[in-house]
Amino acid sequence: MTLELDELRSFLMLASELHFRKAAERLFVSQPALSKQVRKLEEKTGGPLFERTRRKVVLTEAGRVFIPLAERLLRDSQEALNRVRQAAEGRAGTLRIGFGIASASEILPQTLLRFRRTYPGVEIQMRDMSTPAQTRALLEEKIDIGIVRLPVVHPELFSLPLIRERLVVATPRSTTYRPKEGLACLRDKPFLLIARAASTTFYDHALAVCRRAGFIPEIIQEANETFTILNLVRAGLGVSLVPRSAMRMNVPGVSFHHLPIAEAEWQIGIAWNKLSEKRELIKRFSDTMRSVVACHIVLTCPVIHSLPREMTSTTKCRYS
């Protein structure tokens, strides 16, 4: 036997009023219907919950014990209903997000802060992954969203561009960099790079830019974190190529130099599986991230390129 929510509501109303007519009026049911609900509940509980006389209705000991239990059951059922509705609307559930070294700039943390404030019912799980690993995880539905290096070419995946990123040269302050020669002036310097195991696409991109400058770098040290690389540069162990966003880490003793070549640039976007059942949740996160990007473009330096027209036309900057 199972308890019905209507039976619980009828019991609690009668327990509050201790009067069948008044309780029935508050429930908008007839008095016989209320009596029937209470009798059905008493049959399930195995004993009377009320003592009835012509003059009054009083709770039995079983009735008094049942009150907090019935209240909790109703609260839990309402909470369950609310959570399911929120999940259907993309306001609750679990969102698994992949991100890479070059995407973990201030855009992603700001998006997470804003999203968590707006949708506190959503649990966010973060995974540090390269773009190829994110692509596989999206196809296998092991993550819901990827912050990836574009393009991502796969018919099952959908992607939107967010920002453009660039490689910049990082050198110790004591190292002379000649802008007219560009990266080629560092051909004889030892290089420090983000490990290929940490980001295949970034590592290969850095090597390609060096080859474009006419040399293959001597890589003496690799590390998984950009901050570690910058501190090795600061210590004078060598020079490096890092994402432009690394400049905001403000590591002292490191100089950054622009690379004025098209090959130094790439695009970062957000990707997801077209068949994902979390479409509403993904859309809310995507909209939040695009809003943060729009604000970032307005409020920061102009070296970050503008969003495509189709994105900026639907994105508003909210200061929060």
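Before moving on, here are some points about what is shown:
- If you go through region 46-89 and pick out every residue that is in a loop (DSSP other than H, G, I, E, B) and in contact with a Phe, Trp or Tyr (Cβ under 8 Å, 6 or more places away or on another chain), you end up with 2.
- Residue list for region 128-157, filter: under 17 Å from S286 (Cα atoms) and assigned to a strand (DSSP E or B): I145, G146, I147, V148, R149, L150, L157
Residues checked against (1) open to solvent by less than 20 Å² (accessible area, probe 1.4 Å); (2) under 20 Å from H205 (Cβ atoms):
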| residue | (1), (2) |
| --- | --- |
| V242 | yes, yes |
| M249 | no, yes |
| P252 | no, no |
| P260 | no, yes |
| E263 | no, yes |
| A271 | yes, yes |
| R279 | no, no |
| F285 | yes, no |
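- Screening I216, I220 for residues that are part of a loop (DSSP other than H, G, I, E, B), more than 20 Å from W266 (Cβ to Cβ) and open to solvent by 50 Å² or more (accessible area, probe 1.4 Å) leaves exactly one candidate, I216.
- Given (1) out of contact with any Gly (no Cβ under 9 Å at 6 or more places or on another chain); (2) at pLDDT 95 or above; (3) not β-branched (V, I, T), index of the condition F50 fails: (1)
- Residue check, V233 assigned to a loop (DSSP other than H, G, I, E, B) and open to solvent by less than 70 Å² (accessible area, probe 1.4 Å): no
- Which listed residue is of a type outside the set (A, V, I, L, M, F, W, C), closer than 20 Å to E89 by Cα and open to solvent by less than 20 Å² (accessible area, probe 1.4 Å), from T171, T111, T118: T111
- Against the numbered list (1) modelled with pLDDT of 90 or more; (2) of a type outside the set (V, I, T); (3) surrounded by 18 or more Cβ atoms within 10 Å (Cβ to Cβ), A294 comes up short only at (1).
- Residue count for region 21-30, restricted to those that are surrounded by fewer than 14 Cβ atoms within 10 Å (Cβ to Cβ), on the phi < 0 side of the Ramachandran plot and of a type outside the set (D, E, K, R): 1
The values are calculated or read from the model by the stated rules, or taken from the named source; none is laboratory data. What you are looking at is a predicted structure, and each value in this text was computed from that prediction instead of being measured. A quick note on method: Cβ atoms are made from the backbone with ideal geometry, for glycine too, and the neighbour counts reach across all protein chains shown. The protein model used for the area step is the full one, side chains on, heavy atoms only, and it has no ligands, DNA or RNA in it. Shrake-Rupley method; radii C 1.70, N 1.55, O 1.52, S 1.80 Å.
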